[in-house]
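Q: Structure in structure tokens, see below.
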Amino acid sequence: MSAFFLGLDPGFASLGWATFLYSEDLSRLLDVNAGVIRTKKSHKKLRVAASSDDHRRGREIARALHGRCALRPLAIAAEAMSFPRNAGSAYKVGRAWGVVDCLAMIFDVPVFEATPQNLKVKVAGSASASKDEVEWGVDEAVDMLGLPGSMKAALAAVPASLRNHAYDAGGAILATLERPEVRMLVRRVG
């Protein structure tokens with residue numbers, strides 16, 4: 001039996017995702033995949049209400065995430081929402097979190113959140129780590145768990161400016177694995 005986790009960095013325009021398939025005891029990675037789901041506003045502003053367009057974009061995110069899960073995840077790990085700079089950003093990130101909660105209901109799995117600071121400490125050793133340090137830390141962790149270069153390979157087609165979203169999703173998985181609730185869940189399923 002193996003353990004499949006879906007990691008997310010919830011966003012509306014750019015949502016980072018990662019899937020990690022672990023050995024039963026979580027000591028070794030068997031498969032890694034990652035990417036970024038992009039949605040764009042409709043260019044037909046005169047004919048499409050903003051709220052209708054937001055529903056469309058939410059469905060795009062849900063379809064894309066559902067399609068990334070060939071297996072039912074054991075859990076969803078997500079980077080917790082930090083306080084957005086403005087109300088519009090909060091609204092959009094909130095809509096992305098609604099999709100996350102809906103997927104958790106569909107798969108009947110728990111959602112474990114990792115604060116941005118906890119994620120950075122876990123993968124880079126410092127709560128003030130830069131995006132590059134987080135990327136390096138996730139790559140190092142994945143390499144040590146048996147799949148050298150797999151994150152970089154999975155993200156080869158993703159523009160460099162967007163890769164940090166997928167790395168945050170992978171980091172969310174790594175940051176939540178040591179939580180007692182996750183360990184109990186793995187033991188119960190295994």
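The values are calculated or read from the model by the stated rules, or taken from the named source; none is laboratory data. The structure displayed is predicted, hence computed values, not measured ones. Cβ coordinates were reconstructed from backbone atoms using ideal geometry, including for glycine residues, and neighbour counts include every protein chain displayed.
Q: Just checking, which of Ala124, Ala175, Ala129 is of a type in the set (A, V, I, L, M, F, W, C) and touching a residue at least 60 places away in the same chain (Cβ under 8 Å)?
A: After ruling out the rest, the residue left standing is Ala175.
Q: Filter region 77-92 for residues that are of a type in the set (A, V, I, L, M, F, W, C) and within 18 Å of Ala18 (Cβ to Cβ) and give the result.
A: Once the filter is applied, which keeps residues that are of a type in the set (A, V, I, L, M, F, W, C) and within 18 Å of Ala18 (Cβ to Cβ), region 77-92 yields Ala77, Ala78, Ala80, Met81.
Q: If you don't mind, another one. Is one or more of the residues making up region 144-159 more than 20 Å from Leu65 (Cα to Cα), touching a residue at least 60 places away in the same chain (Cβ under 8 Å) and hydrophobic (A, V, I, L, M, F, W, C)?
A: yes
Q: For Met144, work out the one condition from (1) within 19 Å of the chain's Cα centre (by Cα); (2) aliphatic (A, V, I, L, M); (3) surrounded by fewer than 19 Cβ atoms within 10 Å (Cβ to Cβ) it doesn't fulfil.
A: (1) is the only condition that Met144 fails.
Q: Still on this structure, please answer the following. Output the residue which, of all residues in region 162-190 that are surrounded by fewer than 19 Cβ atoms within 10 Å (Cβ to Cβ) and not in a helix (DSSP H, G or I), is modelled with the highest pLDDT.
A: By that ranking, first place goes to Arg179.
Q: Consider region 103-161. How many of its residues are not aliphatic (A, V, I, L, M) and not in a loop (DSSP other than H, G, I, E, B)?
A: The total comes to 20.
Q: Looking only at region 5-20, which residues are modelled with pLDDT under 95 and either among the aromatic types (Phe, Trp, Tyr) or more than 13 Å from the chain's Cα centre (by Cα) (or both)?
A: Answer for region 5-20, where residues must be modelled with pLDDT under 95 and either among the aromatic types (Phe, Trp, Tyr) or more than 13 Å from the chain's Cα centre (by Cα) (or both): Phe12, Ala13.
Q: If I filter region 24-69 down to residues being surrounded by fewer than 16 Cβ atoms within 10 Å (Cβ to Cβ) and of a type in the set (A, V, I, L, M), which single residue comes out as modelled with the lowest pLDDT?
A: Once the filter is applied, the top-ranked residue is Leu46.
Q: Still on this structure: Only one residue in Lys122, Lys131 is loosely packed, with under 15 Cβ neighbours inside 10 Å, over 27 Å from Asp54 (Cα atoms) and under 16 Å from the mean Cα position of the chain (by Cα), so which one is that?
A: Among Lys122, Lys131, only Lys131 is loosely packed, with under 15 Cβ neighbours inside 10 Å, over 27 Å from Asp54 (Cα atoms) and under 16 Å from the mean Cα position of the chain (by Cα).
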